[in-house]
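First the structure, in the form of structure tokens, and then the observations on it.
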Amino acid sequence: MLSLMLKDILLLKKTIAFSALYLVFMLFVFASLDNAASVFVICMVAITYMLTVSGCALDDKNKADVILNSLPLSRSVIVGARYLMVFVYVIFAVIIYILATRVVGMMHLIPSLHPVSLEEVLGAFLSISFLASIYLPLYFKFGYIKSRIYHFILFFGMFFGISLVASGIASGNPILLGIAAFLSRQSEGVIGAMIAGTALALLAVSYGISLKIYRNREF
Amino acid sequence: MDKILQVQNLTKTFKGFKLDNVSFSMEKGYIMGFIGPNGAGKSTTIKLIMNLLKKDAGEALVFGLDHIRHEKEIKNRVGFVYDENYYYEELTPKEMGRIIAPLYKNWDDKAFSHYIRRFELPLDKKIKDLSKGMKMKFSLAIALSHNAELLIMDEPTSGLDPIVRNELLDILTDISRGDDKGVFFSTHITSDLDKVADCITFIHEGRIVFSSAKDDILENYCLVKGARGLVRDEDRGNFIGIKENQFGFEGLAQDRKKLRRMYGENIVIEKPTLEDIMLYFTRRNQNA
């Protein structure tokens, strides 16, 4: 499992470095925005999702399934590593963001830095879990090239969905307002646990589906 | 003797092609050549053994173990080389070695370094920048660095220059000298097998034509040459395959005594090469 994760890190080292630079650049963008929190979540999701999809693309390009399935690796490990990398990328993005805010803060380059909060991290984690939970089974079923169309629909559909929910709440949609009211009555800890639980449940179900698909794949 | 590889009635159907009840076996300490024309079913058989394809029926035992139930254990003891590079082109041999090493129980860093040096592989050059021969050698270095007891190779020599091919064949001969190891080697370049193989399995149109010791095969078949018109149409059944031109005929047959009785000194009987045998068997089916 660790070998496969190391493989993705080595393959994506340039993309990872670029993502880190992108995050630092976004710090400057956040500083001038009113809704920095939601931009932070979108930024985290974009980076994590981009890294996940890039890892899949390189596996597909190299027809890596032939080698991976010829090595002493079970298919559950191959699929599992792809899901675990989602966590690794989220943790990586958060650490880079925190480090960057510290360094930029010490240098006094930006007067008001947007500090990252646990809710935002959980929000980003839930969003990326949602995207990855839908994308990865499609990738394991069709491969990267054929699943590209779903990937675009999903990625842009997600942002469309978020704005749809926001406008739904603003226009007084009773269901969405009900959910918002329910959440507002909960403590931060409960909300955090609910978000993390939902994200993990999504990933667990998605992993089960991906594994079933991948076990029947031929190379 | 211990069987290192046993394939029994392996069957797989695709649209337009069927691997049909393929059976053969191989003992330890041997190099088995798996020959057949392109599209005969060689890669399909290898992919089925490696569980890259799902079989419809039949079984494959490697080291006496079921290839699916004991997949991980088997793959720990098998080294593989495929016809094209499937290693990550963006990585270097050094990085790829780092990734693969922990996956094998018996990975031997010293052996890996030894083969990297022997094959003069640049450790820090990206795999995509290596020549085809270098890529094949890298696959071989990986396959030989975890004390594999069985090497499964799918057309490893295709597209290689004669020098690299000969080097590979020398290595295979070295490996098979150990009594507990074996090499299963598919190719359509039969001259490679003339040099190194102990036994041959011939597959054509998804079916095994024969599987036995190379010397027995070369002994059992004979290449017959004679004047044009000597073989009457009704006697063509004595030949596995026959071709005729304006100068005479040449055919592959099995019963040399019978042919000698029939044609006396009007024919010349020679020992065939594996290529002759493959060619005439293939032609027979085409003419059928």
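Taking the solvent-accessible surface of protein heavy atoms with a 1.4 Å probe, what is the per residue accessible area of chain A in Å²?
Numbers: 10670 Å² over 219 residues.
Here the residues of chain A average 49 Å² of exposed surface.
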The range A:2-215 - Kirkwood radius from inverse mean 1/r over Cα pairs (Å): 18.6
Accessible area per residue in Å² at 1.4 Å probe, computed on the range B:132-192: 32
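Given +1 on the Cβ of Lys and Arg, -1 on the Cβ of Asp and Glu, and no further charges, what dipole in debye does the range B:3-217 carry about its Cα centre, rounded to the nearest 20?
Working: 31 positive and 32 negative charges, 111 e Å.
With Lys and Arg at +1 and Asp and Glu at -1, about 540 debye.
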Accessible carbon and sulfur surface of chain A relative to its total accessible area, %, 1.4 Å: 75
Relative contact order, percent, chain A [alpha-carbon distance under 8 Å, six or more residues apart]: 29
Cα centroid separation - the range B:223-244 against the range B:90-112, whole Å: 55
The protein assembly as shown - convex hull of alpha carbons, volume per residue in Å³: 194
Rounded to 5, percent antiparallel among DSSP beta bridges of chain B: 65
Relative contact order for chain B, counting Cα pairs under 8 Å that sit 6 or more residues apart, in percent: 21
Relative packing of A:74-84, A:176-186, which averages over residues the other C-beta atoms within 10 Å, highest first: A:74-84, A:176-186
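To the nearest hundred square angstrom, how large is the accessible surface buried between B and A, total for both chains, probe 1.4 angstrom? Present the calculation step by step, with values, prior to reporting the outcome.
Values: alone 14380 and 12020 Å², together 23790 Å².
For chain B against chain A, roughly 2600 Å² becomes buried.
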Range of Cα positions in the range B:221-284 per principal axis (Å), largest first: 26, 25, 20
Cα centroid separation, the range B:50-85 to the range A:168-206 (Å): 47
Pair B:Ala101, B:Glu244: separation of 7 Å Cα→Cβ label points (nm): 6.6
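Which of B:Lys55/B:Lys128; A:Lys14/B:Lys42; B:Lys110/B:Lys135 have a Cα-Cα distance over 30 Å?
Values: B:Lys55/B:Lys128 33 Å; A:Lys14/B:Lys42 39 Å; B:Lys110/B:Lys135 20 Å.
Exceeds cut-off: B:Lys55/B:Lys128; A:Lys14/B:Lys42.
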Mean Kyte hydropathy of -0.5 or more with a Cα span along the axis of at least 18 Å, helices from DSSP in chain A: A:13-31, A:36-61, A:75-106, A:118-170, A:188-215
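Tally up the carbon and sulfur contribution to the accessible surface of chain B as a whole percent, 1.4 Å probe, everything protein left in place.
44
The values are calculated or read from the model by the stated rules, or taken from the named source; none is laboratory data. What you are looking at is a predicted structure, and each value in this text was computed from that prediction instead of being measured. We place every Cβ from the backbone using ideal geometry, glycine too, and count neighbours over all the protein chains shown. Quick note on the areas: whole protein, heavy atoms, side chains included, nothing else; ligands and nucleic acids left out. Shrake-Rupley method; radii C 1.70, N 1.55, O 1.52, S 1.80 Å.
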